[in-house]
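Beneath this line is the structure, given in structure tokens, with notes to follow.
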Amino acid sequence: MLNKRRTYRRQKVCKFCLDKVLQVDFKDVKRLRNYVSDRGKIIPRRISGNCARHQRQLTIAIKRARSIALLSFAAELA
Amino acid sequence: MRSYEVIFILDPALGDDGVDAAIAAASGIVTKEGGEVAEVQKWGKKRLAYEIKKRREGHYAFLRLRAPVKAVTELERHLHIAESVLKFLTVLAPALRRRPVKAKASAPAPKESDTHGMTVGVHGEAVGSRRTGAEVQEA
Ligand SMILES: [Zn+2]
């Protein structure tokens, strides 16, 4: 009722869907980098706006990239 | 026969010929065990995201295989033993497919294909070749 303050949040969309990615590739490090924080954590889809399906693929891809040292598991201690 | 992607990281001290030799050795094992190497990529010397065996960089080599399980286990055994290999990763590269069609009864069941099971994998190519589920896939 008191919904006067409509929040205009920018519509978040899944970038993978926009680009019609069928399968997120763990070798595509450039792209995966967009979805990890500077500490190396995977960014939740609440933030990134990814759809469930692509987020699922993305997490697997990131974990694979980590295991072959394309991405780090954690930020190094300074 | 299934498709796999194998990546291994080689010692940065290795020269160009050393890298080629290591790749040749790996491919040799695959072909000997009845598989085929569909693609070879050398990504060159890259910085590692973390230290592996006291190295901060390494030569990346990438192979795409079509091989029986035996060839892959043998290849992995070799990569474990090889001194110059810092680390390796093997993943299944599933045939691209769309979600299975709901109407199973009406569509003719595809012949024995290796699309079921743990095919959560990756692919690199052939994005254009989507299949509609109704088509019978070639085995
Ligand atoms: Zn999506």
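Structural remarks
- The set of residues in segment A:12-30 being over 20 Å from B:L89 (Cα atoms) and either in contact (Cβ under 8 Å) with a residue 24 or more places away in the chain or surrounded by 15 or more Cβ atoms within 10 Å (Cβ to Cβ) (or both) consists of A:K12, A:V13, A:C14, A:K15, A:F16, A:C17, A:V21, A:L22.
- Residue within segment B:55-65 that is out of contact with any strand residue (DSSP E or B) (no Cβ under 7 Å at 6 or more places or on another chain) and either buried (at least 16 other Cβ atoms within 10 Å of the Cβ) or more than 14 Å from chain A (Cβ to nearest Cβ) (or both) present: no
- A count restricted to segment A:13-65 and to residues that are away from the ligand (no atom under 15 Å from the Cβ), more than 14 Å from chain B (Cβ to nearest Cβ) and aliphatic (A, V, I, L, M) stands at 1.
- Tally of residues being within 19 Å of A:L70 (Cβ to Cβ) and among the hydrophobic types (A, V, I, L, M, F, W, C) across segment B:27-78: 8
- Scan of segment A:57-78 for residues that are charged (D, E, K, R) and modelled with pLDDT of 95 or more, ordered by number: A:K63, A:R64, A:R66
- Number of residues in segment A:67-76 that are more than 7 Å from chain B (Cβ to nearest Cβ) and surrounded by 15 or more Cβ atoms within 10 Å (Cβ to Cβ) equals 0.
The values are calculated or read from the model by the stated rules, or taken from the named source; none is laboratory data. Quick caveat: nothing in here was measured; it's all calculated off a predicted structure. All Cβ positions, glycine included, derive from the backbone under ideal geometry; neighbour counts span all protein chains shown.
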